[in-house]
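The values are calculated or read from the model by the stated rules, or taken from the named source; none is laboratory data. Everything quoted here is computed from the prediction, not taken from an experiment. Reconstructed Cβ throughout: ideal geometry from the backbone, glycine too, with neighbour counts over all protein chains shown. Each accessible area value is taken on the protein alone, full model and side chains, heavy atoms only, with ligands, DNA and RNA left out. Shrake-Rupley method; radii C 1.70, N 1.55, O 1.52, S 1.80 Å.
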Amino acid sequence: MADITHLPMEQLQDLECCLDSNPPWAEAILLAFQNYILMLGTSVMIPSWIVHAMGGSDGDKARVIQTLLFVAGINTLLQTLFGTRLPTVVGGGSSAYIYPIAYIITDSSLQQISDPHERFIQTMRAIQGALIVASSIQIILGYSQIWGLFSRFFSPLGMAPVVGLVGLGLFQRGFPVLGDCVEIGIPMLLLVIGLSQYLKHVRPFRDIPIFERFPVLICVPIVWIYAVILTASGAYRHKPDTTQNSCRTDRANLISTAPWFMFPYPFQWGPPTFSAGHSFAMMSAVIVSMVESTGAYMAASRLAIATPPPAYVLSRGIGWQGIGVLLDGLYGSVTGSTVSVENVGLLGLTRVGSRRVVQISSGFMIFFSILGKFGAVFASVPFPIFAALYCILFGLVASIGISFLQFTNLNSMRNLIIIGLTLFLGISVPQFFNQYWTPSRHGLVHTNAGWFNAFLNTLFSSPATVGLIVAVLLDNTLEVERSKKDRGMPWWVKFRTFKGDNRNEEFYTLPFNLNRFFPPT
């Protein structure tokens, strides 16, 4: 095997803008708006389902989405300034929170409320309380450096399948959703691939590769207009409700129900209520989002041509993510925060991993969440359009995870067994758990303790979490001493401490000279 101990970090080719450089302001603003458009997909889909299950109205749904986007903007800004400082969008709409929220929604004490709006308010307050308590898990694990200490068990071999599963585990949001409206989804998929890959060297305006830089901004309006034409022409007039909800552009009801101006504020739904069972169930979602975000941070560091985040920086990011979940609970955004995997993939698709771009996108989130009608226009894009983008972006994140294997020995049968078993179980176990899930039954684990059901079902329904458990356990128990070089540890070990590589200070130092008051440990 070739000596991999001195390979540089800049292995990814064609990445023209990295973490410590910034594109021109005009280009940065367009790239930031592209990030904003992309994160709207899950930020609209999952909260819409949750609000519907809670008995909320279309007006409640619009208000929740505006609140979620407002808090996402704050969390993204905090993470890029004081957290990991990687160009990652911290948004809502994570599927990790569906199990605990479904458990809270079906709580018998809440189901007894006959008035739908009152039931929605009381359920929202219960979710707020659970998020506030559960956020303490990430805050403690982050700021106490416990998560950083645990990261000492990570290696390139272990992280490769885990990061891969962060992307592969979201396959159900890709073609299965695209297939709900193939006449919109397929053209979108082909158009994005064609522009971003086959026409990426075509530069019609000056020297800016617009097809490579702005595939989302170009393709979404084209296919959206095409969908409007199909809707207006009556193409879906006699189709089933499922097809109409997926394909029509006039079914979201966001524009008509969203207020012109709304400034979200803490406890807007009333004071939160607290329940031990609800809080324990929500803690499982926080743990899952922490694992998935860790994988997303690793992928983002590769795409931004930065060193892997050291243990101290990783803990700092998890701590600030806990603050983000706390803000979700205070404001009532119905679900917790996690790193947006699709926006991480966009770093690779556009070949721009600039921190400034993501910070500007946080401004768009806050601005359009306050001006409700304008934000609702963009949020009403049919979801199959986003699903077509996910097919590319989630796959790209998965391939970034696999790229970590270049620092390991792939001729080692030990390594091949760990990689194969982690990938297979990481996909197979969650699929087994998910096939038993319905909102009323709460999943495969079905005891009399509802919080216990939600806790285990949430953990084992996450591909990245299952993958981390399997990879870390096997990688740190099978022939550990004999396999240090095969695992890629000689290359990895220097990045685990803040001072292990001189580029860490360049990438991860806090702004405003704050490192004087919060020195890395």
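The ellipsoid equivalent to the alpha-carbon distribution of segment 458-521 has semi-axes of 31, 20, 9 angstrom, derived from the gyration tensor eigenvalues as √(5λ) and listed largest first. Shape index of the chain: Rg/Rh, with Rg the Cα radius of gyration and Rh the Kirkwood radius from the inverse mean 1/r over Cα pairs, equals 0.95.
Between segment 322-391 and segment 34-93, what's the alpha-carbon centroid distance in Å? When both Cα centres are located, 6 Å separates them. On the beta carbon distance between LEU199 and ASN448, with R0 = 45 Å, the FRET formula returns roughly 0.15. Fully extending the segment from ARG482 to SER399 would add 27.1 nm, taking 0.36 nm per residue of separation and subtracting the current Cα-Cα distance. Over the chain, accessible surface divided per residue gives 38 Å², non-protein components excluded, 1.4 Å probe. Of the solvent-accessible surface of the chain, computed with a 1.4 Å probe and all protein chains present, 66% belongs to carbon and sulfur. Per-peptide packing, taken as the mean over residues of other Cβ atoms within 10 Å, places 177-186, 113-122 in the sequence 177-186, 113-122 from highest down.
Modelled label positions at LYS494 and GLN406, each set 7 Å beyond Cα in the direction of Cβ, lie 1.7 nm from each other. The relative contact order of the chain comes to 33 percent, based on Cα pairs under 8 Å that sit 6 or more residues apart. For a Förster distance of 51 Å, can you work out the FRET efficiency between the beta-carbons of GLN244 and ILE140, rounded to the nearest 0.05? Approximately 0.65, to the nearest 0.05. Both radii were evaluated on the Cα set of segment 185-281; the Rg over Rh quotient, with Rh as the Kirkwood radius, amounts to 1.18. Applying a DSSP loop filter and a limit of 14 other Cβ atoms within 10 Å to the chymotrypsin sites (Phe, Trp or Tyr not before Pro) in segment 215-268 leaves TRP260, PHE261, PHE267. What helices in the chain pass both tests, a Cα length along the helix axis of 18 Å or more and a mean Kyte hydropathy of 1.6 or higher, using whole DSSP H runs? Going by DSSP H runs, the hits are 215-232, 383-403. Mean residue ellipticity at 222 nm, helices only, the chain: -19500 deg cm²/dmol; runs of at least 4 DSSP H residues each add -39,500 (n - 2.57), and the sum is divided by the number of residues.
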